[in-house]
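What follows draws every value from the coordinates through simple rules; no lab data is involved. Computed from a predicted model, the values in this text were never measured in an experiment. Cβ placement follows ideal geometry from the backbone for every residue including glycine, while neighbour counts extend to all protein chains displayed.
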Amino acid sequence: MSYNKSNFICRFLSISSIVLICFISGCVPAESDIDSSKSKVRKYATDSSAVKYSYKIINTFPHDPGAFTQGLVWDEGVLFEGTGLYGKSSLRKTKLESGEVLKRVKLPDRFFGEGVTIFRNRIIQLSWRSNIGFVYDKNTLNVVRTFRYDQEGWGITHDGDKLIMSDGIANLYFPDLFKCTWIQKI
């Protein structure tokens with residue numbers, strides 16, 4: 001019986017070694033593949049048709065370092081900022097040049113504030129995992145209404161006609177908050 005057991009172990013180790021060697025040798029590219037990939041890299045790295053951008057800092061502005069910015073909209077000379085973190089989330093109307101918060105509306109502690117956009121003279125702010133969004137009057141920052149959604153709330157913007165919401169993955173949603181319906185999901 002011990003002969004059969006040791007024979008089995010020897011065969012198993014031999015076969016395993018052969019499989020391992022075959023696997024390893026299949027994972028190493030042939031020399032011609034290495035040369036080929038190097039030339040492709042060189043081709044793309046030196047392609048002069050690629051547009052190259054640079055930047056220049058022309059100004060800096062003060063900002064509250066305690067604000068966990070999740071959404072930002074510039075409108076008519078005012079910065080609207082949605083901040084996150086449970087217990088600290090808010091919507092702020094800020095003077096860009098000084099960083100002075102002109103008005104601040106705190107969200108209830110159970111909400112983690114997310115994306116912000118301005119659409120049809122309303123500010124819309126999402127919350128992350130609470131499935132609740134807020135619609136504010138742009139001038140007073142009073143909550144006009146709330147709305148529900150089934151996915152996580154991350155980013156929100158619009159194309160001029162429709163709101164566009166993101167759940168942080170590959171899905172985009174097109175809600176009609178004024179009719180309380182969903183137009184589309186892609």
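Miscellaneous remarks
- The number of residues in segment 92-142 that are assigned to a strand (DSSP E or B) and either within 25 Å of the chain's Cα centre (by Cα) or within 12 Å of GLU81 (Cβ to Cβ) (or both) comes to 27.
- Selection from segment 143-163 of residues that are more than 14 Å from VAL73 (Cβ to Cβ) and not in a loop (DSSP other than H, G, I, E, B): VAL143, VAL144, ARG145, THR146, PHE147, ARG148
- Unique match (being surrounded by 15 or more Cβ atoms within 10 Å (Cβ to Cβ) and either aliphatic (A, V, I, L, M) or on the phi > 0 side of the Ramachandran plot (or both)) among LEU163, LEU96: LEU163
- Number of the exception - LYS106 against (1) of a type outside the set (Asp, Glu); (2) out of contact with any Ser or Thr (no Cβ under 6 Å at 6 or more places or on another chain); (3) surrounded by 14 or more Cβ atoms within 10 Å (Cβ to Cβ): (2)
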